[in-house]
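The values are calculated or read from the model by the stated rules, or taken from the named source; none is laboratory data. All values reported here derive from a predicted model rather than from experimental measurement. Using ideal geometry, Cβ is built from the backbone for each residue, glycine included, and neighbour counts are taken over all protein chains shown. Surface accessibility is based on the protein's heavy atoms, side chains included, excluding ligands, DNA and RNA. Shrake-Rupley method; radii C 1.70, N 1.55, O 1.52, S 1.80 Å.
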Amino acid sequence: MAPVPTELLLVESEPETRGFLERHLRSDGFRVHEAGWDAQALDIAERSRPHVVIAGEPDLCARLREGEPGRRWDRNVPVIVLADPDADPVDRVRAFEKGADDVVERHLYLELVARIHALLRRSGVGLADVLEVGDLVIDHRARQVRLGGVPVPLAAKEFDLAARLASDPERVFSKEELLRDVWGLRGRLVTRTVDSHASRLRRKLRAAGDGRFVVNVWGKGYRML
């Protein structure tokens, strides 16, 4: 049986860039759905359920994550935001704050493909990579969080944040540490990336039945318990 192709939603307002990426992604074996603006992209996301979204602008991330009344799509779908080569580092941080899982410069096609595969990778780790914190299980093999045996759907960076906190559940991780370990961002940055992801993670765990996890230690950072 032939493998199921990866479904990509490519959202880019600039036709030339969109056409270039679409042609090369198709030639590399991806099934590509194109959109030129956000409303069109949301319709396609609802209809085709893509495995990964490639977005030309970060605002789409927020709309995907928040959802809309009467609409149904995967609010945790991995999103890669395309950045201009001369983009300010603050712009990259803001993309993460809006829910992006990765940011790649538009002209770095080979890197984009590598990042897509990295987001899709689900194998190659052992049993030691299953972490348990009370009723909470962090399964690196399936990149899945379970609470009381029930899966909790998380976006990629929400999972990575949960896994980092669970690696030492009573330790307080500073925001600088989490930005470095989870997002690969270094230095003292003024950003609410950690806070926004921690808030979404806590809200999803609370909705799943337990609000004990992801504790904000004021002035210091976050811990799991």
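Some points to look at:
- Taking the listed residues 112, 64, 108, 82, the one that is without any contact (Cβ under 8 Å) to a residue 24 or more places away in the chain and within 20 Å of residue 12 (Cα to Cα) is 108, with no other qualifying.
- Of the residues making up the range 190-215, those that are open to solvent by less than 70 Å² (accessible area, probe 1.4 Å) and closer than 18 Å to residue 90 by Cβ are 191, 193, 194, 195, 196, 197.
- All strands (runs of 3 or more DSSP E) inside the range 83-176 with 2 or more residues being under 13 Å from the mean Cα position of the chain (by Cα) and under 30 Å from residue 19 (Cβ atoms): 102-105
- Only one of the listed residues (86, 135, 160, 139) is more than 24 Å from residue 40 (Cα to Cα), open to solvent by less than 20 Å² (accessible area, probe 1.4 Å) and of a type in the set (Asp, Glu). That residue is 139.
- Test: residue 177 is touching a strand residue (DSSP E or B) at 6+ places or on another chain (Cβ under 9 Å) and surrounded by 14 or more Cβ atoms within 10 Å (Cβ to Cβ): yes
- For the range 84-97, residues that are among the charged types (D, E, K, R) and either in the same structural domain as residue 161 (by the TED database) or farther than 17 Å from residue 178 by Cα (or both) total 4.
- Filter result for residue 60 (at negative phi, outside any loop (DSSP other than H, G, I, E, B) and touching a Lys or Arg at 6+ places or on another chain (Cβ under 6 Å)): no
- Hits in the range 36-61 - residues which are modelled with pLDDT under 90 and either basic (Lys, Arg) or under 24 Å from residue 85 (Cβ atoms) (or both): 47, 49
- Considering the conditions (1) in the same structural domain as residue 85 (by the TED database); (2) closer than 19 Å to residue 58 by Cα, residue 110 is excluded by exactly one of them, (2).
- Matching residues, the range 63-73, being assigned to a loop (DSSP other than H, G, I, E, B) and buried (at least 16 other Cβ atoms within 10 Å of the Cβ): 73
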